[in-house]
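Scroll down for the structure; my scribbles are underneath it.
The values are calculated or read from the model by the stated rules, or taken from the named source; none is laboratory data. Predicted, not measured: the structure shown is a model, and the values here were computed from it. Cβ sites come from the backbone with ideal geometry, for glycine too, and all protein chains shown count toward neighbours. In case anyone asks, the SASA skips ligands and DNA or RNA and just uses the protein heavy atoms, side chains included. Shrake-Rupley method; radii C 1.70, N 1.55, O 1.52, S 1.80 Å.
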Amino acid sequence: MLSVAEATARILSAFDRLGTEQVGLENALGRVLAMPVSARLTQPAKAVSAMDGYAVRSADMAGAEIRLRLIAEVAAGHAPERPVGAGETARIFTGAMLPDGADSIVIQENSTKDGDVVILADPRFRSGQHVRAAGLDFSAGDIGLQPGRCLTARDIGLAAAMNWPWLTVTRRPRVAVLSTGDELVNPGEALSPGKIMASNGFTVAALAAVSGADVLNLGNAPDQPERLSAMIDSAKGCDLLVTIGGASVGDYDLVQKILKEKGVELDFWKIAMRPGKPVMFGRLGDLNVIGLPGNPTSALVTSVLFVRPAIARMLGRSDEAVSEYATLGRDLPANDQRQDYLRASLTRDAEHRLIATPFKLQDSSMIRLLAEADALVVRPPHAPAAAAGSRVEIIRLGGGVLNL
Ligand code: AMP
Ligand code: MG
């Protein structure tokens, strides 16, 4: 059986970055940048004041009490009308351009006025104070954002500041999700004996959407070859088809059989992991197909491990997932040859260390426990018994909203 690492590598190698499109800044949140964003101006363009106060020449500032003639006022957004000469000052406000001649600001709290004379008392005065130099933030041509970034609110603000009204981003991968099983009915539909609510399709569709995909939820296919075959055909034109259920080799597990009849190039169909052993990967013409097992936990864990990275690869995301570790909250027995993913809660101890406590019950059919879990604890094949307090790798499951 294939290891998780090898299965991941094989899946990733089948996907390339998709094409690009342009979006306005209002629609750029969470999209993946496909161009470098370089500054199209210098910010600030000229030295500006960081405070409300008076623009002065530091050569004038010797002594305890300085009297300067008020000759002008400069507000943000307006060019100074004249330079500040020796013995002169200009009223200035935050963000306003420093008049020629002036090099420092005295804040208004350190001033009093006597007609057109301003009296300044600033015992800690130093030359250049409260001035933002030209280019303090960035200079024209500086790179602000690199391609591959999933755009945050702050990134969008930077792009705007660098004078880009629109950005080139990777187009969203089209991901079709097809659930299979005679037992499935949708929430709201009538139940009859033996039927269950179809939940996985909603879980996987939501996970794919939050990972950046444009999701086509194809619904539930019965365990009936012609219907299943027709529904698989409707994924044509998508970048990825994710099937759920029917992936192993039971009499009613038809997904692999039908895909084979359609000429799928099967890459693998089993991974040494728990939950989620029967994961299938193949190519049907242009369409990559990932077949997930039907148990709700298996479907979610394998989506996190294989569908999410495939979408990230198609988007050209540069922020590859990094391993994260926590302190184990309970003793664990030695593991067998399969890589285990244990649902766990995350808490903080008195020293604010992250504690991952695997649930006692790990039945992969249990949807409520899955919703309660904060993370998966990763147990490598043949891992020895681990005592509470030892370090374990975790994968956060997250709240499901855009991870920004
Ligand atoms: P399968 O992989 O088709 O053998 O399904 C394994 C288990 O998962 C069975 O108990 C199915 O009833 C259940 N199952 C399959 N698909 C879904 C689904 N979309 N939602 C909830 N449970 C499912
Ligand atoms: Mg089934």
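Could you tell me whether any residue of segment 240-257 is away from ligand 2 (no atom under 16 Å from the Cβ), among the small types (G, A, S) and touching a residue at least 40 places away in the same chain (Cβ under 8 Å)? The answer is no, given that none of the residues of segment 240-257 is away from ligand 2 (no atom under 16 Å from the Cβ), among the small types (G, A, S) and touching a residue at least 40 places away in the same chain (Cβ under 8 Å).
Set side by side, the residues S318, S303, S323, S364 differ, and just one is modelled with pLDDT under 95, among the small types (G, A, S) and surrounded by 14 or more Cβ atoms within 10 Å (Cβ to Cβ), which is S364.
Just one of (1) buried (at least 16 other Cβ atoms within 10 Å of the Cβ); (2) within 16 Å of ligand 2 (Cβ to nearest atom); (3) of a type in the set (K, R) fails for R308. It is (2). Only one entry of Q256, Q224 meets the criterion of being under 21 Å from N288 (Cα atoms) and of a type in the set (S, T, N, Q), and that entry is Q256.
For segment 172-220, filtering for residues that are within 16 Å of ligand 2 (Cβ to nearest atom), open to solvent by 60 Å² or more (accessible area, probe 1.4 Å) and not hydrophobic (A, V, I, L, M, F, W, C) leaves 4. In summary, P225 fulfils each of the numbered conditions (1) of a type outside the set (S, T, Y); (2) away from ligand 2 (no atom under 16 Å from the Cβ); (3) open to solvent by 40 Å² or more (accessible area, probe 1.4 Å) with the single exception of condition (2).
Considering D267, D233, D286, D251, the condition of being under 30 Å from the mean Cα position of the chain (by Cα) and surrounded by fewer than 15 Cβ atoms within 10 Å (Cβ to Cβ) is satisfied by D286 alone. Collect the residues in segment 192-209 that are away from ligand 1 (no atom under 13 Å from the Cβ) and more than 16 Å from L370 (Cβ to Cβ), keeping them in residue-number order. Hits for segment 192-209 are S192, P193, A208, A209.
Matching residues to (1) open to solvent by 50 Å² or more (accessible area, probe 1.4 Å); (2) more than 30 Å from L98 (Cβ to Cβ); (3) assigned to a helix (DSSP H, G or I); (4) at pLDDT 95 or above:
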| residue | (1), (2), (3), (4) |
| --- | --- |
| L12 | no, yes, yes, yes |
| D16 | yes, yes, no, yes |
| V23 | no, yes, no, yes |
| A45 | yes, no, no, yes |
| A62 | yes, no, no, no |
| R67 | yes, no, no, yes |
| A76 | yes, no, no, yes |
| A79 | yes, no, no, yes |
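Across segment 150-169, the qualifying residues are those that are assigned to a helix (DSSP H, G or I) and not basic (K, R), and the one among them that is nearest to R91 (Cα to Cα) is A161. Yes or no: segment 243-259 includes at least one residue that is at pLDDT 95 or above, more than 12 Å from ligand 1 (Cβ to nearest atom) and touching a strand residue (DSSP E or B) at 6+ places or on another chain (Cβ under 8 Å). Yes.
In the set (1) surrounded by 23 or more Cβ atoms within 10 Å (Cβ to Cβ); (2) at pLDDT 95 or above, the condition left unmet by G276 is number (2). Going by the structure shown, is L167 within 16 Å of ligand 2 (Cβ to nearest atom), over 30 Å from V106 (Cα atoms) and either of a type outside the set (G, A, S) or in contact with a strand residue (DSSP E or B) (Cβ under 7 Å, 6 or more places away or on another chain) (or both)? Spelling it out, it is not the case that L167 is within 16 Å of ligand 2 (Cβ to nearest atom), over 30 Å from V106 (Cα atoms) and either of a type outside the set (G, A, S) or in contact with a strand residue (DSSP E or B) (Cβ under 7 Å, 6 or more places away or on another chain) (or both).
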